[in-house]
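First the structure, in the form of structure tokens, and then the observations on it.
The numbers here are math on the coordinates, done by the rules we state, and not lab data. This structure is a prediction, so every number in the text was calculated from the model and none was measured. All Cβ positions, glycine included, derive from the backbone under ideal geometry; neighbour counts span all protein chains shown.
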Amino acid sequence: MEFKFGGSSTNQKTVLGHPSGLFVLFFTEMWERFSYYGMRALLVLFLVSSIMDEGWGWERADALVLYGWYTGLVYITPIIGGFIADKFVGYRRAVVLGAFIMTLGHASMALEGFTPIFFYVGLTFLIIGNGLFKPNISSMVGQLYKTQGKEKDAGYTIFYMGINSGAFLGILLCGYIGENIGWHYGFGLAGVFMFLGMLQFYFTQSIFGKIGLSPKQIEDFDDVVEDGIEKIGDNIEDVIEEAESSIVVKDRLIVIGIFSLFVVFFWWAFEQAGGSMTVFAADYTDRALVGNAALTFKIVNTIITVVPMLVITWVLVLLFRKTFSKFALANTFLGISFIIIWGIVIWMLKREFKMDATEVPASWFSVLNSLFIILFAPLFSKIWQSKYNPSGPMKFAIGLLLVGLGFAALAYGSASIPDGAKTASVSLMFLVIAYYLHTMGELCVSPVGLSYVSKLAPMKLVGLMFGVWFTANFIANLLGGITGSYIDPISEEYGLSTFFLIFTIIPIVAAIIMMLLNPMMKRKMHGVR
Ligand code: GLN
């Protein structure tokens with residue numbers, strides 16, 4: 001019998017209509033992103049907080065430049081990691097190795113108190129580990145599906161929700177613990193979940209069958225497994241692939257290139273989130289809440305924490321039901337991670353309710369991004385499946401437009417701040433609106449981009465092409481960090497509003513150009529939708 005999805009027979013058992021392996025990747029990616037975003041939320045705040053507060057007392061500009069380099073470099077290594085996996089070790093081993101190296105990285109950062117060198121060693125490990133992990137787990141998602149249609153898009157959207165469930169919890173919990181209890185605990189917490197996620201993946205690997213093995217392992221696998229039908233299936237794919245003329249392949253690679261180029265403008269603006277937008281949140285907004293406002297915030301915070309937790313726990317149970325008998329150990333690790341996380345969530349919420357006044361943590365706003373993704377991703381995926389589905393390039397243009405509009409809200413909100421002011425108390429609403437628009441933009445660009453890379457890249461270059469896609473983030477994050485570091489001089493000279501206007505205008509111009517390129521792009525995709 002021919003399998004509907006790639007991978008082993010267990011992978012054919014579905015969860016929410018998708019192969020169960022998708023949810024193995026979902027949880028692995030979730031814990032990895034928990035660590036990445038949890039640590040990242042603390043990075044700038046830690047560096048700029050005074051030595052008395054156990055920070056390093058850095059200048060804002062220096063912290064934002066380091067932030068730019070870090071968030072840039074984590075996205076340059078995927079091109080190497082993708083290549084290594086395509087050619088030599090396979091996606092699976094690359095994912096495990098990457099996760100292990102990142103675990104060491106987090107551990108090292110948690111020990112920064114002993115010597116500052118540990119901090120830099122930790123960052124280096126995270127950069128290397130992410131290169132092995134990120135492109136390769138992303139390409140495994142696509143390989144679960146045998147067709148290139150809407151199912152794959154939906155798969156990537158679910159995966160993207162996994163990314164953001166992790167980001168959400170990571171920023172919320174590592175941010176809270178880092179800011180309130182101690183930086184080292186925040187960094188350490190990130191590492192614990194990275195490790196548990198790795199174990200979970202390691203012990204479930206066989207669910208993927210041949211998917212993600214190295215080229216050499218695949219040869220051996222084919223010798224051992226007498227799965228004639230699967231082989232015939234593969235042969236047909238090979239024939240089809242060879243039949244695709246080299247022009248088609250070339251054109252599609254060009255399209256990946258153009259998408260990767262334009263996404264630079266998007267992330268350059270969007271990624272101000274952890275940098276200048278966090279500075280704005282920390283120093284220019286009114287975050288101190290008392291009385292009813294404090295109570296309302298606590299209730300909202302409880303709901304937005306508990307509801308997503310319940311949803312992902314429910315997904316966990318669905319996965320357990322399909323895979324526990326076969327993968328008891330892996331599922332146990334996953335179960336332990338959930339017990340710990342529930343413990344921390346309940347502890348945090350209880351602790352918060354005991355306090356009278358509340359200060360919204362500066363790192364809190366970036367959780368809105370992940371929260372909005374989790375809430376709106378299903379809606380977007382429905383729109384993409386309906387007759388209102390815009391073409392890929394149009395989605396990119398809309399995304400760029402939205403990110404520009406988000407910054408317009410910030411520019412408007414900060415118009416009242418005098419030039420060069422070091423602090424202010426602007427309403428929190430502007431940040432909320434900006435994050436909302438940015439997230440809607442992200443949904444038009446990021447999961448869509450992943451799916452297009454997976455569809456447009458020739459089979460043997462998938463890992464490498466994901467590397468190219470992520471390289472856009474390298475350029476964007478580095479330039480974004482550097483641009484963000486000028487927040488002080490620009491707002492002294494021209495006002496904070498002008499600073500945000502830069503991020504309004506450039507993405508909107510890019511959006512217009514993308515719209516003009518739409519017909520040409522559609523042609524060059526040769527039928528891929
Ligand atoms: N938020 C997504 C992730 O972490 C996209 C990040 C990016 O490509 N810049 O995977």
| field | Folded to 0 to 90 degrees: helix 20-48 orientation relative to the chain principal axis, Cα | value | 30
| field | Charge tally in the Cβ shell below 9 Å around V528, where Lys, Arg are +1 and Asp, Glu are -1, V528 excluded | value | +3
| field | Nearest-0.05 FRET efficiency for E59 and I344, computed from C-beta distance (R0 41 Å) | value | 0.80
| query | Taking the highest mean first, how do the peptides 462-470, 319-327 order by number of other beta carbon atoms within 10 angstrom per residue? | reply | 462-470, 319-327
| task | Starting from the Cα of Q148, step 7 Å along the direction of its Cβ; do the same at L295; then give the gap between the two resulting points in nm. | result | 5.9
| said: If packing is taken as the average count of other Cβ atoms within 10 Å, what order do 262-275, 417-430 fall into, highest mean first? | reply: 262-275, 417-430
| remark: For L310 and Y185, extending 7 Å from Cα along the Cα-Cβ vector and measuring point to point gives, in nm, a value of 2.8
| Highest-first arrangement of 299-308, 350-359, 77-86, where packing means the average Cβ count within 10 Å | 77-86, 299-308, 350-359
| In nm, to one decimal, how far is the I303 label point from the L16 one, both placed 7 Å along Cα→Cβ? | 2.1
| task | Provide the FRET efficiency to the nearest 0.05 for the I51-D286 pair, computing r from the beta carbons and using R0 = 30 Å. | result | 0.65
| query | From a point 7 Å beyond the Cα of L375 in the direction of its Cβ, which residues of the stretch 296-331 have a backbone N at a distance under 17 Å? | reply | 296-312
| Efficiency of FRET from Cβ geometry, S9 and V432, R₀ 41 Å, rounded to 0.05 | 0.30
| 29 Å Cα-Cα threshold exceeded, pairs from K152/K350; K13/K298; K13/K455 | K152/K350; K13/K298
| task | At 0.36 nm per residue, minus the direct Cα-Cα distance, what do D222 and S425 gain on full extension? Give it in nm, one decimal, please. | result | 66.6 nm
